[in-house]
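Structure first, then comments.
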Amino acid sequence: MTPFAIALGSNLGDSRAVLSDAVARLRRTEGVQVDAVSRLYRTAPVGGVEQPDYLNAVLVGRTSRDAAALLALCHEIEDAHGRTREVRWGARTLDLDILTLGDVRADEPGLTLPHPRAHERAFVLIPWLDADPAADIPGRGSVQKLLQAADAEGVRLDDVGWQ
């Protein structure tokens, strides 16, 4: 089983329910073991068009799936929640981003591992550290040290009714 981390985000519809369902679907998936899920964080949107705040979390676990199969699973769960990809960095019902999959490095259309911007995004690093205090991004270093350089303004705990 290979360790992995997935960032979850939502800012359309009932985001708490959508994120809870995404976690439940991952827990029920054969070949996926969920070890921990962060608390929930409310985050101001970064880049893109004007839109509502996001709810963000990070899930860590282990899987027997390869990168392509894990990505397909994430897309399947997003699609089940009506995810569309019309505007880059636009509002969405559900966003599941694979942050890391063991030491796998990939640079393919639709999949870059480790995630190319995770190391600079506090809305990823804060919940990731929450879920796994020993988290590390291959080639970048510890999440804890990376968070020290990130701008955490606009990221706040919003854990009511989560999990």
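The values are calculated or read from the model by the stated rules, or taken from the named source; none is laboratory data. Because the structure is a prediction, the values reported are computed rather than measured. A quick note on method: Cβ atoms are made from the backbone with ideal geometry, for glycine too, and the neighbour counts reach across all protein chains shown. Just the protein is used for accessible areas: all its heavy atoms, side chains included, with ligands, DNA and RNA removed. Shrake-Rupley method; radii C 1.70, N 1.55, O 1.52, S 1.80 Å.
Here is how the numbers come out for the structure above:
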read-out: Failed condition for A131, given (1) open to solvent by less than 30 Å² (accessible area, probe 1.4 Å); (2) touching a residue at least 24 places away in the same chain (Cβ under 8 Å); (3) closer than 17 Å to L113 by Cα; value: (3)
read-out: Looking only at the range 132-153, and only at residues there that are of a type in the set (G, A, S), in a loop (DSSP other than H, G, I, E, B) and in contact with a helix residue (DSSP H, G or I) (Cβ under 8 Å, 6 or more places away or on another chain), the one that is farthest from V104 (Cα to Cα); value: A152
read-out: Positions within the range 1-37 being open to solvent by less than 50 Å² (accessible area, probe 1.4 Å), modelled with pLDDT under 95 and part of a loop (DSSP other than H, G, I, E, B), in sequence order; value: N11
read-out: Cβ-Cβ under 8 Å pairs, at least 6 apart or on other chains, the range 140-158 side in contact (Cβ under 8 Å) with a residue 12 or more places away in the chain and farther than 25 Å from P52 by Cα, far side open to solvent by 40 Å² or more (accessible area, probe 1.4 Å) and among the basic types (K, R); value: L146/R140
read-out: Long-range neighbours under 6 Å by Cβ, at least six apart or interchain, first residue in a loop (DSSP other than H, G, I, E, B) within the range 107-128, second open to solvent by 30 Å² or more (accessible area, probe 1.4 Å) and not aliphatic (A, V, I, L, M); value: H115/D97
read-out: Residue in the range 62-70 that is polar (S, T, N, Q), surrounded by fewer than 17 Cβ atoms within 10 Å (Cβ to Cβ) and closer than 20 Å to F123 by Cα present; value: no
read-out: Residues of the range 134-152 classified as among the aliphatic types (A, V, I, L, M) and either open to solvent by 50 Å² or more (accessible area, probe 1.4 Å) or under 19 Å from R42 (Cβ atoms) (or both), total; value: 5
read-out: The range 38-51 - residue that is buried (at least 18 other Cβ atoms within 10 Å of the Cβ) and either among the hydrophobic types (A, V, I, L, M, F, W, C) or in contact with a Pro (Cβ under 6 Å, 6 or more places away or on another chain) (or both) and, of those, farthest from V155 (Cα to Cα); value: S38
read-out: Residue within the range 89-96 that is over 20 Å from M1 (Cα atoms), of a type in the set (S, T, Y) and within 16 Å of the chain's Cα centre (by Cα) present; value: yes
read-out: T63 under 19 Å from G154 (Cβ atoms) and in contact with a strand residue (DSSP E or B) (Cβ under 8 Å, 6 or more places away or on another chain); value: no
read-out: Residue within the range 68-76 that is more than 19 Å from L26 (Cα to Cα), among the acidic types (D, E), more than 13 Å from the chain's Cα centre (by Cα) and modelled with pLDDT under 95 present; value: no
read-out: Any chance T100 is closer than 19 Å to T43 by Cβ and outside any helix (DSSP H, G or I); value: no
